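Report on the structure given below.
The values are calculated or read from the model by the stated rules, or taken from the named source; none is laboratory data. For clarity, every value in this text was computed on a predicted model and none was experimentally measured. Here the Cβ positions follow ideal geometry from the backbone for every residue, glycine too, while neighbour counts run over all protein chains shown. SASA here: full protein model, heavy atoms, side chains in, ligands and nucleic acids out. Shrake-Rupley method; radii C 1.70, N 1.55, O 1.52, S 1.80 Å.
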Amino acid sequence: MRNLDRALDFPATRRDPESGYTLHGSRFDDPYAWLERLDAPETQAWIAAQEAVTHSVLRAVPERDALRASVARSARHARLSPPIPAGPHGREFLWRADASDDKLKLMLRRREGAPLETVLDPNTWASNEALVFAAPSPDGALVAFGKAVGSTHDAVIHVLDVETGRLLPDRPRGTSHSSLAWRPDSSGFFYAACPEPGEVPPGDEAHWNAIYEHRLGSGTPARRVFGDDQVKEYWCSVKVSECRRFAVLSKWDYVHANAVYLLRLADDALVPVAPSMRSLNQVQVIGDSLLVHTDLDAPRGRLCVAPLSAPAEWRTLIPEGPDTLQTVAGAGGRLYAVYSRAASHHVRIHSEDGTWLRDLVLPALGSVNRNEGDGIVSGISGAWSGDEVWVNFMSYVQAPSVYRYDYAADRLVPYHVPDVGLDASEYVTDQVWYESLDGTRVSMFIIHRKDLQRDGRQPVRLSGYGGFNIPVEPRFTALHAAWLKLGGVLAFANVRGGGEYGRAWHEAAIKTRRQNAFDDYIAAARWLVSAGYTTPSRLASRGNSNGGLLVAVTALQAPEAFGAVFCRAPTLDMLRFPRFGFLSSATVEYGSPEDPLEGPYLAGYSPYHNVRADRRYPVMTFVPALNDRTAPPHDPLKMVARLQAEGTGGGPYFLLPLRDSGHGGGTTLPALIEQDVDELCFYCQALDVTPARAARGTAHASR
């Protein structure tokens, strides 16, 4: 690393040689298990000492203020959502933030042409409090919203009276509230939650997720209307149909399959649509029919239709094709099918009977849909009975934008396209294909300035994910924009395990096939070098969550392929992950350490168990979110301790803890900006990037 003219004074770490366990006949040492007690004074002191060393390096970058300004320029921009109709006389709500706002606000317009009024402004709350979701009641008189502290986890529902601004005394039961949908008469709402403390055995608090119904002002506990009594790992979600006759209820086996039922609101009858855990299904009620988007007997997806009188009798409406059908949205009387074609989105418009009408041309290579806890959500919205169609779009060089689609004129009309200080015309997004170790062809996006010199010396940041059926598709972030403005190259590998190419692509890297994802990623790094973009010493590997596991494993397996690694919110102890909260559900993806075949396989690549003293590992930064409820925040602590003790031939290895941050990052824009600045400073130090020099080169190239 550049500018390190002194030895780094990392704190001594106590090693417990007796700590460990035996699994499948093999002994596994766990000398740093004591770091799992995050609240212990010894752990807190160790974290603070590690953090001080990391900050002494990252804050020594002389251009840090300029990097912050660059990130802030692309992060601080106006944000605006399409309107949400609710109530009489054209009343509508919308999300909005000015460039100066740290958090999105919920706004109200009482009638067409009326000024906007603020309904919920989390900018007036404490900095560590987050507005996680908000749902206006159908009559527009109330808003139910989820508020969390220190992260976006464990939201608690509150109900606001829009006219008076007062909170109702209602407190829905359960914990970790999510996925809220109102009854059509605004008398109450359905929501997903985990049980109250004490209702389940210790250790099961994050399980037994179910759908409850809360009746406003009733004073009686919410009733449980849907869930699973046998499998505690399933989670649930709920929506109410546009026709207001049904609640659509789903229970999910992680992202591998879900079961779907209708709750008939007139009599609370439960009607099965897709009752078995065999496929991924999204259901929408259109008139007297059901639209079912499914991958049952169609790994790349198809659209089916069924009569409400026989909701389990499906008939194919749009058959499976060569591209992956991600979502179908009924809006304006037509069907908008969003496909992943080589990991970017394409939209085809169909009539109600499935007849293809035309393709909707997007502004550029980019993304429409988004990933959420209840699967992939369409970025196209609008009422089936209405005439407005809204399209969300983003690319690697265009921030999230909203367009109206004018079907008669066949054109997208800009509604909100933010200025983020990045001239998209100066950059190019290429898609290349390369061969993995077993000969499988894998795609990769590469984004850079048009005038890039492929001289083998460019700083490149490579990212990937490779799990949970989640695709790596074009996404804009302020960090990406700042890196591009520095003259850096972005690369995103679509490795197996993700959702880019349908169910088969995902299942090619689950459980005892996970090595395929690692091989794909290592091959991507080596291709970037062989193609003349960079050298290993100028290649940074970055991963978040499951992507954090990916970059950690590949750095240990092929340390010579990477110059630096930024590993954020990862799971790294693959023999203990099921013990952490909801992660026991992830055995459907990773396999189980208790299984006689899967356990040894997990041990074979588990980063915490595969540090070798005879290897020279790249410089690495591990980033735990200390309030994380999704990945174990102690895993990066244990990993840093082991690397500093046993991987002494390489490194250095840094710990960068995120405070008041959950799995998705901080609760305020300043916190997120500072996290991005730390990451950029790490790349500048590790890859010998001088921001001032890069900026001069950019300015010269643009003249």
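Restricting the search to the range 136-190, which residues are of a type in the set (Gly, Ala, Ser) and open to solvent by 20 Å² or more (accessible area, probe 1.4 Å)?
Correct list: 141, 165, 176, 178, 179, 187.
For the range 559-591, which residues satisfy the criterion of being open to solvent by less than 30 Å² (accessible area, probe 1.4 Å), assigned to a loop (DSSP other than H, G, I, E, B), on the phi < 0 side of the Ramachandran plot and out of contact with any Lys or Arg (no Cβ under 9 Å at 6 or more places or on another chain)?
Listed by number, the residues that qualify are 562, 570, 571, 574, 575.
Between a residue in the range 503-516 that is among the hydrophobic types (A, V, I, L, M, F, W, C) and any residue that is surrounded by fewer than 17 Cβ atoms within 10 Å (Cβ to Cβ), which pairs come within a Cβ distance under 9 Å, given they are 6 or more apart or on different chains?
Note: pairs meeting the criteria are 508/440.
Residues are listed down the side, and each one gets a yes or a no for (1) assigned to a strand (DSSP E or B); (2) under 21 Å from the mean Cα position of the chain (by Cα); (3) surrounded by fewer than 17 Cβ atoms within 10 Å (Cβ to Cβ); (4) not hydrophobic (A, V, I, L, M, F, W, C):
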site	(1), (2), (3), (4)
207	no, yes, no, yes
220	no, no, yes, yes
230	no, no, yes, yes
233	no, yes, no, yes
251	yes, yes, no, yes
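Picking from 436, 401, which residue would you name as being open to solvent by less than 30 Å² (accessible area, probe 1.4 Å), within 16 Å of residue 525 (Cα to Cα) and among the polar types (S, T, N, Q)?
The conditions single out 436.
Kindly list, by first and then second residue, each pair from a residue in the range 638-657 that is free of Cβ contacts under 8 Å to residues at least 12 places away in the same chain to a residue that is aliphatic (A, V, I, L, M) and part of a helix (DSSP H, G or I), limited to pairs with Cβ atoms under 7 Å and residues at least 6 apart or on different chains.
Pairs that qualify, where the first residue is free of Cβ contacts under 8 Å to residues at least 12 places away in the same chain and the partner is aliphatic (A, V, I, L, M) and part of a helix (DSSP H, G or I): there are none.
Need the failing condition index for residue 213 against (1) closer than 19 Å to residue 142 by Cα; (2) outside any strand (DSSP E or B), just the number.
Here residue 213 clears every test but (2).
Can you tell me which residue among 321, 354 is closer than 30 Å to residue 429 by Cα, open to solvent by 10 Å² or more (accessible area, probe 1.4 Å) and either modelled with pLDDT of 95 or more or over 30 Å from the mean Cα position of the chain (by Cα) (or both)?
Among 321, 354, only 321 is closer than 30 Å to residue 429 by Cα, open to solvent by 10 Å² or more (accessible area, probe 1.4 Å) and either modelled with pLDDT of 95 or more or over 30 Å from the mean Cα position of the chain (by Cα) (or both).
Those residues that are in contact with a strand residue (DSSP E or B) (Cβ under 8 Å, 6 or more places away or on another chain) and under 16 Å from residue 93 (Cβ atoms), I need them from the range 110-131; list them, please.
Matches in the range 110-131: 110, 115, 116, 117, 118, 119, 120, 121, 122, 131.
Check 597, 656, 637 and return the single one that is open to solvent by less than 10 Å² (accessible area, probe 1.4 Å) and in contact with a Ser or Thr (Cβ under 7 Å, 6 or more places away or on another chain).
656
Output the residue which, of all residues in the range 18-38 that are touching a strand residue (DSSP E or B) at 6+ places or on another chain (Cβ under 9 Å) and open to solvent by less than 80 Å² (accessible area, probe 1.4 Å), is farthest from residue 58 (Cα to Cα).
21
Go through 68, 109 for me and flag whichever is touching a helix residue (DSSP H, G or I) at 6+ places or on another chain (Cβ under 6 Å) and either surrounded by 14 or more Cβ atoms within 10 Å (Cβ to Cβ) or of a type outside the set (D, E, K, R) (or both).
Selected residue: 68, the only one of 68, 109 that is touching a helix residue (DSSP H, G or I) at 6+ places or on another chain (Cβ under 6 Å) and either surrounded by 14 or more Cβ atoms within 10 Å (Cβ to Cβ) or of a type outside the set (D, E, K, R) (or both).
Give me a count of the residues in the range 261-294 that are out of contact with any Pro (no Cβ under 8 Å at 6 or more places or on another chain), part of a strand (DSSP E or B) and crowded, with 18+ Cβ neighbours inside 10 Å.
Of the residues in that region, 12 qualify.
Show the residue pairs that are 6+ apart or on different chains and have beta-carbon atoms under 6 Å apart, the first residue being within the range 413-433 and under 30 Å from residue 94 (Cα atoms) and touching a residue at least 40 places away in the same chain (Cβ under 8 Å), the second being in a helix (DSSP H, G or I) and among the basic types (Lys, Arg).
421/73
Report, ordered by the first and then the second residue, all pairs with beta carbons closer than 6 Å, sequence separation of six or more or different chains, a first member in the range 8-32 that is at pLDDT below 95, and a second member that is aliphatic (A, V, I, L, M) and open to solvent by less than 50 Å² (accessible area, probe 1.4 Å).
Matching pairs, first to second residue: 8/53.
Taking residue 535 as the residue in question, decide whether it is at pLDDT 95 or above, more than 23 Å from residue 602 (Cβ to Cβ) and among the β-branched types (Val, Ile, Thr).
Answer is yes for this residue.
For the range 627-634, does any single residue satisfy the condition of being under 19 Å from residue 659 (Cα atoms), open to solvent by less than 10 Å² (accessible area, probe 1.4 Å) and out of contact with any strand residue (DSSP E or B) (no Cβ under 7 Å at 6 or more places or on another chain)?
Yes, there is a match, as at least one residue in the range 627-634 is under 19 Å from residue 659 (Cα atoms), open to solvent by less than 10 Å² (accessible area, probe 1.4 Å) and out of contact with any strand residue (DSSP E or B) (no Cβ under 7 Å at 6 or more places or on another chain).
Limited to the range 480-514, what total is found for residues that are in a helix (DSSP H, G or I) and open to solvent by 10 Å² or more (accessible area, probe 1.4 Å)?
Total meeting the criteria: 9.
May I ask you to list the residues in the range 519-550 that are open to solvent by 10 Å² or more (accessible area, probe 1.4 Å), part of a strand (DSSP E or B) and closer than 24 Å to residue 453 by Cα?
542 - this is the single residue of the range 519-550 that is open to solvent by 10 Å² or more (accessible area, probe 1.4 Å), part of a strand (DSSP E or B) and closer than 24 Å to residue 453 by Cα.
Which members of the range 575-591 meet the condition of being more than 18 Å from the chain's Cα centre (by Cα), over 16 Å from residue 610 (Cβ atoms) and of a type outside the set (Phe, Trp, Tyr)?
If the condition is that a residue be more than 18 Å from the chain's Cα centre (by Cα), over 16 Å from residue 610 (Cβ atoms) and of a type outside the set (Phe, Trp, Tyr), then 578, 579, 581, 584, 587, 588, 591 are the ones that fit.
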